[in-house]
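Asks: Below is one structure. I have some questions about it.
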Amino acid sequence: MREFLKSTRFKVLLAFIAFLVGIMIYSVTKGGYSLSGASFINTVTKPIRTFSNSISTKIEDIVDRYENSDFYYKQNQDLQKKIGELNKQLADYEDLKTEVEELRKLAVIKEKHPDSVFSQPAEILGYVANDPFKSFTIDIGHEDGITPYCPVATPEGIVGIVIEVSQYTSTVRTILSPDLSIASVCSATNADFGIIEGSVVTAENNMTKLTHLNINHEIKKDDLIITSGSSGLFPKDYPIGTVKSIGVESNGLTAYAEIEPCTDISRLRSVFVITDFSGKKETEYEAENTP
């Protein structure tokens, strides 16, 4: 002990403490305060107490986590379970909200077309791979009364026709395809008739084409094109799309118009199948399968 008191380390320590005390005394007196014995001790020991409290708090936190680790683990598991239940409830709510919205749309389309019979909303299961014309599969089939050549629509307008049916699913060919022809008319003039037939070029831009137009037509940009109902395969007066550009065919004898579908074919989530309508033409398939 005597050696320590005489050592250089002890002297340095005393000098450092004296320096700190001097700084504190200067700071207090500089502010115009006088120091009593108690306040002097408090001032001198404040840094030490602050440091000590900080260390003590950290140690208490560590000990608390160690001693109550099982409790905290169980509490965390309970919270995770509750979060999972809430997320499921939220998902169920969103599904119910979507279903209600689809039924509301069905009610609207039924009101507009009282002479048509509609399926329940059909969900899009997926688009046909490598098909530039966006054919897709829906989750209803024979069990739901679906047959080939039933028109397919959304509340906004016609999107295609059923071409293949299994027990629980169906495949739909869209109005972007050149293999689907729809007799159409301009709603603005009610006199300019044509045929909706897609092409590879127009399908790249999610467009279709109105062909076989009279060279002296009166169609204008943004006019609405609707089904004429003359073929018997599609009901009358259903929207198809709006005119975006007009031109003359290379033969110079007929005109054409590029049509933007009323419904974005590439972003469909659900559709309705029109199972029956006024003026429906019986197809060969239906004739063969009618008792």
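The values are calculated or read from the model by the stated rules, or taken from the named source; none is laboratory data. Predicted, not measured: the structure shown is a model, and the values here were computed from it. Note that we place each Cβ from the backbone using ideal geometry, even for glycine, and neighbour counts take in every protein chain shown.
Asks: Pick from ILE163, ILE124, ILE158, ILE140: which is outside any strand (DSSP E or B) and surrounded by 14 or more Cβ atoms within 10 Å (Cβ to Cβ)?
Replies: ILE140
Asks: Filter region 102-119 down to the residues that are surrounded by 14 or more Cβ atoms within 10 Å (Cβ to Cβ) and assigned to a loop (DSSP other than H, G, I, E, B) and list them by number.
Replies: If the condition is that a residue be surrounded by 14 or more Cβ atoms within 10 Å (Cβ to Cβ) and assigned to a loop (DSSP other than H, G, I, E, B), then HIS113, SER119 are the ones that fit.
Asks: I'd like the full set of residues that are in contact (Cβ under 8 Å) with a residue 40 or more places away in the chain and farther than 16 Å from VAL117 by Cβ, limited to region 129-147.
Replies: Listed by number, the residues that qualify are PRO132, PHE133, LYS134, SER135, PHE136, ILE138.
Asks: Check ILE246, ILE240, ILE259 and return the single one that is β-branched (Val, Ile, Thr), over 21 Å from PRO114 (Cα atoms), in the same structural domain as ASN206 (by TED's automatic domain parsing) and within 29 Å of the chain's Cα centre (by Cα).
Replies: Every option except ILE259 fails the conditions.
Asks: For region 221-271, which residues satisfy the criterion of being of a type in the set (Asp, Glu) and on the phi > 0 side of the Ramachandran plot?
Replies: ASP222, ASP237
Asks: How many residues are β-branched (Val, Ile, Thr) and either under 16 Å from VAL152 (Cβ atoms) or buried (at least 22 other Cβ atoms within 10 Å of the Cβ) (or both) when one looks only at region 186-205?
Replies: 1
Asks: Would you say THR154 is under 29 Å from the mean Cα position of the chain (by Cα), of a type in the set (S, T, N, Q) and modelled with pLDDT of 95 or more?
Replies: Judged against the criteria, THR154 is not a match.
Asks: Okay, next question. Output the residues belonging to region 166-181 that are over 23 Å from ILE226 (Cβ atoms), in a strand (DSSP E or B) and either among the basic types (Lys, Arg) or out of contact with any strand residue (DSSP E or B) (no Cβ under 6 Å at 6 or more places or on another chain) (or both).
Replies: None - no residue of region 166-181 is over 23 Å from ILE226 (Cβ atoms), in a strand (DSSP E or B) and either among the basic types (Lys, Arg) or out of contact with any strand residue (DSSP E or B) (no Cβ under 6 Å at 6 or more places or on another chain) (or both), so the list stays empty.
Asks: State the number of residues belonging to region 211-242 that are in contact (Cβ under 8 Å) with a residue 40 or more places away in the chain and outside any loop (DSSP other than H, G, I, E, B).
Replies: Selection size over region 211-242: 10.
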